[in-house]
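Please treat every number below as a calculation from the coordinates, not as lab data. Bear in mind that the values here come from a model prediction, so they are computed numbers and not experimental data. Reconstructed Cβ throughout: ideal geometry from the backbone, glycine too, with neighbour counts over all protein chains shown.
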Amino acid sequence: MTTDAPIVHVVDDEAGMRQALTRLLRAEGVDVRAFASAREFLADYRAAESGCLVLDVGMPELDGLELQRRITRLGLTVPIVFLTGHGDIPMSVRAIKSGAVDFLTKPVNDADLLRAIRTALQLAATRRAEQAATADLRARHASLTPREREVMARVVAGRLNKQIAADLGTGEQNIKIHRGRVMEKMGVQSLADLVRAAERLAIEKPPGV
Amino acid sequence: MSWVTAIWFMTAGACLTLGVVHFLVWCGQRAAWGNVFFAISAVATGGMAGCELWMMHAESPIEWGVAARWIHVPAYVLILSLVGFVRVYLRAGRVWLAWTVVGVRTVSLLLNFLFTPNLNFREITGLRPISFLGESVATVVGVPNPWMLIAQLSLVLLLAFVVDATVAVWRRGEHRAAVQIGFNMVFFVFLASGQAILSLWGFTQAPIIPSVFYLGIVLAMAYELSRDLLRSVRMAEELRENIALQKQMQDRFRLSVEASPNGVVLANAEGCILLVNGRAAQMFGYPREEIVGLGIESLVPERFRGAHASLRSGFHAAPTARAMGAGRELFARRKDGSEFPVEIGINPVDSAEGTLVLSIIVDISSRRQSEAEAQELRDELAHLTRVTTLSELSGSLAHELNQPLAIILSNAQAAQRLLAQTPPDCAEVRDILADIVAEDRRAGEVIQRLRTLLKRGEITRAPLALNETIEEVLLLARPNLAGREITVTRALDAGLPQVSGDRVQLQQVVLNLILNSADAMAANAPGTRRLHVVTARRDGVVRVSVRDEGCGLPAEPEQLFAPFFTTKPHGLGMGLAICRSIVGAHGGRLWAEPHPERGAIFHFELAALPTPAA
């Protein structure tokens, strides 16, 4: 977590366009970083940075759509607003299907662009919040003892305390204690919450259950 | 009637008839002095024959004496006329000898009338009848007068004169005339004189009959003259035929000149018009009779007259048939002062009046007009294909225009926001405005270039740097080529001379060649789409070459230049045909050849303008 202020990353091979977009967004009070090519962006982009990407489609070497594919492959979640000089419908459909926030044609009206950027930033914020929640759960899960993790896996799989005790070769009373610890450490109030947390953490069913 | 009477009458009659005939010939033809001398000779011979008959039939010595005295008169006339005939007809004989003959004979004639009874006898003692041709005729007995030697001397001189003339004629090569006239004259004068002398001196008893021998001369002369007459009749005939032929030729000449669809003007060395045909008169707007006699310069526009006169004298210095003003546009002037374009062929014609000039004039107004119309059509077609070609570029050009517009909009909207702030950021707004101006200019340039190519302007020829033309076209084609991942390499000769041409049309040619080359590389793998533009000069020619590394040429590259030939699915097939016609109209050539390594190469060449002196 480096910074909380959202940054808009502008990638356009046309210097004049880069400059104009930077001015517009700065005037709106948004932090901007401009890149002259997709490669430049990839070399300098830090995944943790919050914000979004304003991406020109028609660029030499690595074009906008290709950059989108690379970003996805890298597992980055930065939301993308596409800008193009001469876009067509198939191109825009492909971009949106691949998760783009919007697909705008140049010359672009400032209101449209800012609306799209706001949506993108919101999406970025949401995603970041989700990521933060998942990280918290993962930390909590990591704090469980191995026995507690075994118990949790069987609880979310729907086993009764008696069954779990049999599975693990211990008394039912012990299982109840572990179960209470798990609920406490994971910070959940109900079994339903625990199941959701397990889903988010992608905890697998124990073998033989 | 007796034989003697009959023969001598016939002789006299024949002589008189011939004399009259040839006298009449002379009357009709006063220059024929030979005929008049012959007529006189013939009449004199007839007179002698009359006097001889009188002598032969004389009743008394006195009568004989009178007759013998009078016979000297025709004899005198005969001798003079023979001398004259030789001088005039044979154009020979020594003049002093002729005058000597005439002088001596004149003396003898005068003496003849001083002596009694005559020159030949001192006294006549009697007449002696003798039998002649079965009849009794009178001969004379008396004392011969020695003075008659003078008469006989004149005959000897006459013989000498004639012999001399005959030799001269023979030497001149006129053998026939020498024999026919000269020899006969010598022969018969000798016989006549001999017969008379022998009788007069009393060596023989015979009547004096020289007229019989002179008749021989007269007949020989008549024969010769009648040959002349026949010859002149034949010549007259030939002449008539010649004249008819000439007239026919003249008619043919006149008719063909008249029927010529072109104007024909014949003028002399001084430039005076001698003859025109109807077409020429009509062409120049003159009534025919008015144009003849005018100076040829009247038919030339005022501004060319001075030059024309000096060119005309140049032509007469070395007259050869040729086209007038080769390579220049010629104009002629009508009577009303208006001008029309012409082509003129000039031919020297030798005639009795000196060297004349026959000019064939073709009015090429209508040809010029149809040429202009064809040119207009060609330009229209060129414009059409230009528009078609540009429509190929339209996608990339739209982008080229869109980009500055997008930048301008975003900049302007940023400025609006900056100005709404308190306090407004004026420094940033200034920068923005500067950028807006620059981007607007960029867009304006693209539009300007497009408009130049799209408009149907006048075709103008001006000195032109082809390297610049190529750069302008490449600028326009750049986005299109970039979009197709085509890289362009240039090798432009920095010292390329200028050419004379229409900028737009030559841009069209370059653009067409570049786009064709780009199309030819559509199937190439990315990274191998290379286009090469080269300019070079050699021998007063500028060459532009556009090379691709694409699919190459068809087996017969010339078919590329045929109208409606296309290898593209949406092609009109006019591009290269128009390019060739444009280059052709600029006096150059355009062709294609396969490149030895890969792809095709298109060249066009134009004449280089002379480099202005440094």
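The protein assembly as shown gives an Rg/Rh value of 1.59, both radii derived from C-alpha positions and Rh following Kirkwood. Between the Cα long axis of helix B:466-483 and the first principal axis of chain B there is an angle of about 40°, rounded to the nearest 10. Spin-label pair B:Ser500-B:Trp3: with each label point 7 Å from Cα along the Cα-Cβ axis, the two points sit 10.8 nm from one another. Using the Cβ of A:Ala100 as centre and a radius below 12 Å, the other residues enclosed give a net charge of +2, where K and R count +1 and D and E count -1.
The label-point distance for B:Lys335 and B:Ser298, in a model that sets each label 7 Å from Cα toward Cβ, rounds to 0.9 nm. With distances taken between every two different alpha-carbon atoms, region B:195-281 has a Kirkwood hydrodynamic radius of 19.1 Å.
Here the alpha carbons of region B:285-439 define both size measures, Rg and Dmax, at 34.0, 109 Å. When the helices of chain A are scored as -39500 (n - 2.57) per DSSP H run of n ≥ 4 and the total is divided over every residue, the value at 222 nm lands at -17500 deg cm²/dmol. About its Cα centre, the dipole of chain B is roughly 1520 debye, where the only charges are +1 on Lys and Arg Cβ and -1 on Asp and Glu Cβ. Hey, if you put +1 on the Cβ of every Lys and Arg and -1 on every Asp and Glu Cβ in chain B, which of B:Leu401, B:Cys272, B:Phe203 ends up farthest toward the positive end of that dipole? So the residue we want is B:Phe203.
Counted residue by residue at 0.36 nm each, then reduced by the alpha carbon distance between them, the extension gain from B:Ile243 to B:Ala269 reaches 6.6 nm.
Could you give the dipole magnitude of region B:92-215 about its Cα centre, charging the beta-carbon of Lys and Arg +1 and that of Asp and Glu -1, in debye to the nearest 20? List each step's numbers first, then the result.
Numbers: 7 positive and 4 negative charges, 57 e Å.
In debye, rounded to 20, region B:92-215 gives about 280.
In region B:84-219, the ratio of gyration radius to Kirkwood radius, Rg to Rh, stands at 1.04 when only Cα atoms are counted. For region B:118-168, averaging the sequence separation of C-alpha pairs within contact (under 8 Å, six or more residues apart) and dividing by the residue count gives a relative contact order of 33 percent. Distance between the C-alpha centres of region B:202-219 and region A:74-96: 153 Å, rounded to the whole angstrom. On the beta carbon distance between B:Cys551 and B:Ile459, with R0 = 41 Å, the FRET formula returns roughly 0.75.
One Cα centroid belongs to region A:154-209, the other to region A:23-67; the line between them spans 45 Å. What does the charge count near B:Gly306 come to, summing +1 for each Lys or Arg and -1 for each Asp or Glu among other residues with Cβ under 15 Å from its Cβ? Net charge around B:Gly306: +2. Ranked by how many other Cβ atoms sit within 10 Å of their own Cβ, fewest first, the residues B:Phe284, B:Phe561, B:Phe161 fall in the order B:Phe561, B:Phe284, B:Phe161. A simple charge model with +1 on the Cβ of Lys and Arg, -1 on the Cβ of Asp and Glu and nothing else charged puts the dipole of the protein assembly as shown at about 1100 debye relative to its Cα centre. Compared with the dominant principal axis of the Cα atoms in chain B, helix B:184-200 is inclined by about 10°.
Computed from Cα positions, the angle between helix B:575-585 and the longest principal axis of chain B comes to roughly 40 degrees.
Note the full-extension length gain between B:Asp493 and B:Gln369 as 0.36 nm times their separation in residues minus their Cα-Cα distance, in nm to one decimal. Write down the numbers at each step before the final one.
Working: separation 124, 0.36 × 124 = 44.64 nm, distance 4.01 nm.
Using 0.36 nm per residue and subtracting the Cα-Cα distance, I get 40.6 nm.
Phi-derived couplings, Karplus 6.51 cos²θ - 1.76 cosθ + 1.60 at θ = phi - 60°, listed residue by residue for region B:520-531: 5, 9, 4, 8, 5, 5, x, x, 10, 9, 10, 10 Hz, with x used for Gly and Pro.
For region B:378-463, what does the convex hull of the Cα positions come to per residue, in cubic angstrom?
Numbers: hull volume 9.2 nm³, N = 86.
Dividing the Cα hull volume of region B:378-463 by its residue count gives 107 Å³.
Kirkwood's formula applied to the C-alpha pairs of region B:43-163 gives a hydrodynamic radius of 15.3 angstrom. Cα centroids of region B:420-454 and region B:367-390: how far apart, whole angstrom? Answer, in whole Å: 38. When Rg and Dmax are taken over the Cα atoms of chain B, they come to 54.9, 185 Å.
Counting only DSSP H runs of at least 4 residues, each contributing -39500 (n - 2.57), and dividing by the residue count of chain B, the helix-based mean residue ellipticity at 222 nm comes to -19500 deg cm²/dmol.
So what are region A:1-122's ellipsoid semi-axes, whole angstrom, largest first, if each one is the square root of 5 times an eigenvalue of the alpha-carbon gyration tensor?
Details: eigenvalues 70, 59, 41 Å².
Equivalent ellipsoid semi-axes, largest first: 19, 17, 14 Å.
Model label points for B:Leu609 and B:Phe187, set 7 angstrom from Cα along the Cα-to-Cβ axis, are 9.8 nm apart. The value obtained for chain A, namely the Cα convex hull volume divided by the number of residues, is 154 Å³ per residue.
Between the residues B:Asn347, B:Leu377, B:Val387, the greatest Cα displacement towards the positive end of the dipole of region B:304-389, with unit charges on the Cβ of Lys, Arg, Asp and Glu, is found for B:Asn347. Using equal-weight Cα scatterers in the Debye expression, the normalised intensity of region A:122-199 in log10 at q = 0.10, 0.16 Å⁻¹ is -0.27, -0.59.
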